[in-house]
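Undergrad: Got a structure for you, questions after.
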Amino acid sequence: MAIPHMTPDEFRRRGREVIDWIADYMEHVEEYPVLSTVKPGDIRAMLPGHPPATGEPFDQVLADLDRIVMPGITHWQSPGFFAFFNANASGPAILGDLVSSGLGVQGMLWATSPACTELETHVMDWLVEMLELPPAFLSSGTGGGVIQDSASSATLTAIIAAREAATAAMTNRTGNLGNLIAYTSTHAHSSIEKGIRIAGIGIDNLRSIPVDAAFAMQPAALAQAIEEDLAAGRVPFFVCATIGTTSSTAIDPVREIGEICRQHNIWLHVDAALAGTAALIPEMRWINDGVELADSYVFNPHKWMLTNFDCSAFFVADRTPLIGALSVLPEYLRNEASASGAVIDYRDWQIPLGRRFRALKLWFVIRHYGVEGLQAFVSEHLRLARLFASWIAGDGGFELAAPAPVNLVCFRHIGGDDVNQRIMERVNKSGEIYLTHTKLNGELTLRMSIGQTHTEERHVRKAWELIREAPG
Ligand code: PLP
């Protein structure tokens, strides 16, 4: 049979329809209930049991987007989305991603699309300048940056690089881990534990270091745990500090932690997944104090920097251990450019071989907004978070549950867990906003994460109204 490819003309026509569909969505996103109300199985029940034997008209496919898919969407792009941490999107990022799909490039090697590699290296260097990160993270020095799919993957690669650095590259050879021990705080993200599992370190060898009253890692407790492990003949090899923990955006004291790591020659990885973006603003750069002591660092432009998921920026101060740990060179990938040593092959900087042209969306975002536009965007969220925190602090029925150094406000009603649970359920059921919870000091705590692309003061005011009315 003739293969029913879409012709360029048809693509042009349908492409315009799809862009219109997305633009309409952006325009009306506020009108949808933020949290999807479907029940498990509802979406599948609307789908045919078998794939179509012959191609269907595109109109039908588009119509089913509205009929089947939209009811099952939780609207991350709604200005009323205050849950988890945001995954904010923007026009230029969507268009950059579209171009990436259109080019269909797979950038595993420099040679498989030089622009894919070089643009990525370049925008990663731009990020170092924009956030005033340590110069060692620049590609012109010993280190450099790479775009990965997620902070979880970036942290896993950091653990593997650290593992090989600590065992003189022998773990990759013999599978024998020795006696490696990793450290992070009790408030670190679950991706650290996942990475420790995947890298074969074993969770019994991951020490959870206690936190202080502000939920930041206690360096003295870290130092003590390291001493105990050393005394027992074990090998401390990896510490993960967090700038902006998931529960409460606590900022670990990276400088003190880094000094301890230097003293014992331990790899320091810094996870700044959400909060890293705040360093766009000079007054917020204190959060990165001590990052120059880090061996690796990750933050997610796909959370708060207007770059559609997925785009995680991972930097190393020295690329040699990373590449040494991950590079495998089969015959079929050999090529002149790689052999010359003059190019970067990003396949050696990540877990998968293949890679998308993600730099395009980041490049579009940075060029469209400019540094000043991005700074203004982040500043406004910081202002809104401070405003919301001031309302909580000034209301006798509620209390702040943690410091709010960035754009997340942790708070609770003073009536206890059941009341807070009820507040969360009620406000989420309203469809106007969506917020989620954590536990701090064992108490159910509500999290107001203010980082959506189109969130304005009126949305935060509306949220506060709903929250205040909810306990009654
Ligand atoms: N680290 C921290 C501090 C996070 O808050 C998160 C997600 O919220 C992650 C890591 C995981 O991010 P990703 O989904 O990119 O793996």
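Read the figures in this text as sums done on the coordinates, not as results from a lab. Fair warning: this is a prediction, and the values are worked out from it, not measured in the lab. Because the Cβ atoms are built from the backbone with ideal geometry, glycine has one as well, and the counts that use them run over all protein chains shown.
Undergrad: Can you tally the net charge around I68? Count Lys and Arg as +1, Asp and Glu as -1, for every other residue whose Cβ sits under 12 Å from the Cβ of I68.
TA: Values: positive: R44, R67; negative: D42, D64, D66.
For residues surrounding I68, the net value is -1.
Undergrad: Give me the one-decimal Kirkwood hydrodynamic radius in Å for the stretch 297-374, with the sum taken over alpha-carbon pairs.
TA: Values: mean 1/r = 0.0683 Å⁻¹.
Every distinct Cα pair counted, the radius reaches 14.6 Å.
Undergrad: Convex hull over the Cα atoms of the chain, averaged projected area in nm²? Please list the in-between numbers first.
TA: On the way: hull surface 102.1 nm².
Mean orientational projected area (the chain, Cα hull): 25.5 nm².
Undergrad: Please order E331, E56, E259 by the number of other Cβ within 10 Å, starting at the fewest.
TA: Working: E331 5, E56 9, E259 15.
Final ranking by Cβ density, sparse to dense: E331, E56, E259.
Undergrad: Can you check how the C-alpha radius of gyration of the stretch 410-472 compares to 2.2 N^0.38 Å, as a plain ratio?
TA: Values: Rg = 11.5 Å, N = 63, 2.2 N^0.38 = 10.6 Å.
Its radius of gyration relative to the 2.2 N^0.38 Å reference: 1.08.
Undergrad: Restricted to Cα positions, what overall size does the stretch 113-270 have along the principal axes? Three whole-Å values, descending.
TA: For the stretch 113-270, the Cα extents along the three principal axes come out at 50, 42, 26 Å.
Undergrad: Shifting gears a bit: Evaluate the relative contact order of the chain (contact order divided by residue number), counting alpha-carbon pairs under 8 angstrom at least 6 apart; express in whole percent. Can you show the working numbers first?
TA: Details: 874 pairs, mean separation 103.1, N = 472.
Relative contact order of the chain: 22 percent.
Undergrad: Roughly what % of Cα-Cα distances in the stretch 248-336 sit above 18 Å, to the whole percent? Don't skip to the end; give the middle numbers.
TA: On the way: 2159 of 3916 pairs.
The share of Cα pairs beyond 18 Å in the stretch 248-336 comes to 55 percent.
Undergrad: Here's another thing I want to ask about it. Please label the shape of the stretch 309-428 as rounded, prolate or oblate, based on the square roots a ≥ b ≥ c of the eigenvalues of the alpha-carbon gyration tensor (a/c under 1.5 means rounded; beyond that, a/b larger than b/c means prolate, else oblate).
TA: Working: a/c = 3.54, a/b = 2.43, b/c = 1.45.
Prolate is the answer for the stretch 309-428, as a/c is 1.5 or above and a/b outweighs b/c.
Undergrad: Can you work out D for the stretch 23-72 in µm² s⁻¹ from Stokes-Einstein, where Rh is the Kirkwood radius over C-alpha pairs, the temperature is 20 °C and the viscosity is 1.002 mPa s?
TA: On the way: Rh = 12.8 Å.
Answer, rounded: 168 µm²/s.
Undergrad: Using the number of other C-beta atoms within 10 angstrom as an exposure proxy, rank D204, D395 with the fewest first.
TA: Working: D204 8, D395 15.
Ascending number of Cβ neighbours within 10 Å: D204, D395.
Undergrad: Could I ask something else about it? For Q106 and K39, FRET efficiency with R0 = 51 Å and r from the beta-carbon atoms, rounded to 0.05?
TA: On the way: r = 39 Å, r/R0 = 0.76.
Plugging the Cβ-Cβ distance into 1/(1 + (r/R0)^6) gives 0.85.
Undergrad: Using just the Cα positions, wrap the stretch 1-147 in a convex hull and report its mean projected area in square nanometres, one decimal place. Walk me through the numbers on the way to the answer.
TA: On the way: hull surface 53.9 nm².
The directionally averaged projection comes out at 13.5 nm².
Undergrad: Here's another thing I want to ask about it. Jot down the per residue volume, in cubic angstrom and as a whole number, of the convex hull over the alpha-carbon atoms of the stretch 75-147. Could the numbers behind the result be given before it?
TA: Working: hull volume 10.0 nm³, N = 73.
Measuring per residue, one finds 138 Å³ for the Cα hull of the stretch 75-147.
Undergrad: Would you list, by chain and number, the lysines whose Cα falls below 21 Å from the Cα of K39, excluding same-chain residues fewer than 8 positions away?
TA: K39 reaches K429.
Undergrad: Over the stretch 302-420, what is the relative contact order in percent, taking alpha-carbon pairs closer than 8 angstrom and at least six residues apart? If you can, show how the numbers build up before the last one.
TA: Details: 84 pairs, mean separation 19.2, N = 119.
Rounded, it is 16 percent for the stretch 302-420.
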